[in-house]
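Q: This is the structure, below, for whatever I ask next.
The values are calculated or read from the model by the stated rules, or taken from the named source; none is laboratory data. Please read these numbers as outputs of a predicted model, since none were measured by experiment. Every residue, glycine as well, gets a Cβ built from its backbone with ideal geometry; the counts of neighbours run over all protein chains shown.
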Amino acid sequence: MNISFEDFKKIDLRIVRIETAEKIEGSQKLFKLEVDMGEEKRTVVSGVAEYYSAEDLIGKEVIIVSNLEPKTIFGIESHGMVLFAKKEDKPVIIKPEEEVVPGTIIS
């Protein structure tokens, strides 16, 4: 399905730094991530706990879709979505080649 360029321009992609990652009780797949967006901190739920440990994620710069409607998952309100690539059915972290300031807009 194609989207228009106008719709694409509505997507707000940002670089964030993962500050904390904790498995969500009752879920095999979900982490509660606290991310630094520069001037703002956010909670984001991510379904990669089967593939990564908290230690693998903490300190990493990743890309999020920052303007999704908040969604409550396992009782936690998630304010964004971390983007991962898929390699042989495993999620792979997408990260900047060089360190950048948290909150940097991807354009």
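Q: Could you say which residue among Leu33, Leu83, Leu13, Leu68 is closer than 20 Å to Ile105 by Cβ, of a type in the set (A, V, I, L, M) and in contact with a helix residue (DSSP H, G or I) (Cβ under 8 Å, 6 or more places away or on another chain)?
A: None of the other options fit; the residue is Leu33.
Q: Scan the strands (runs of 3 or more DSSP E) fully inside the chain and keep the ones with 1 or more residues being buried (at least 18 other Cβ atoms within 10 Å of the Cβ) and of a type outside the set (A, V, I, L, M).
A: Correct list: 13-23, 31-36, 41-46, 61-65, 76-78, 84-87.
Q: Could you tell me whether Lys90 is at pLDDT 95 or above and of a type in the set (Lys, Arg)?
A: no
Q: Quick one: which of Glu40, Glu61 is out of contact with any strand residue (DSSP E or B) (no Cβ under 6 Å at 6 or more places or on another chain), touching a residue at least 40 places away in the same chain (Cβ under 8 Å) and within 19 Å of Asp12 (Cα to Cα)?
A: Result: Glu40 is the single residue among Glu40, Glu61 that is out of contact with any strand residue (DSSP E or B) (no Cβ under 6 Å at 6 or more places or on another chain), touching a residue at least 40 places away in the same chain (Cβ under 8 Å) and within 19 Å of Asp12 (Cα to Cα).
Q: Hey, another quick one. Step by step: first the residues of the range 7-35, then only those that are closer than 15 Å to Asn67 by Cα and charged (D, E, K, R), then the one that is farthest from the chain's Cα centre (by Cα). Which residue is that?
A: Looking at the filtered set, the residue picked out is Asp7.
Q: Regarding Ser53, is this residue over 21 Å from Asp12 (Cβ atoms) and among the polar types (S, T, N, Q)?
A: So Ser53 passes the test.
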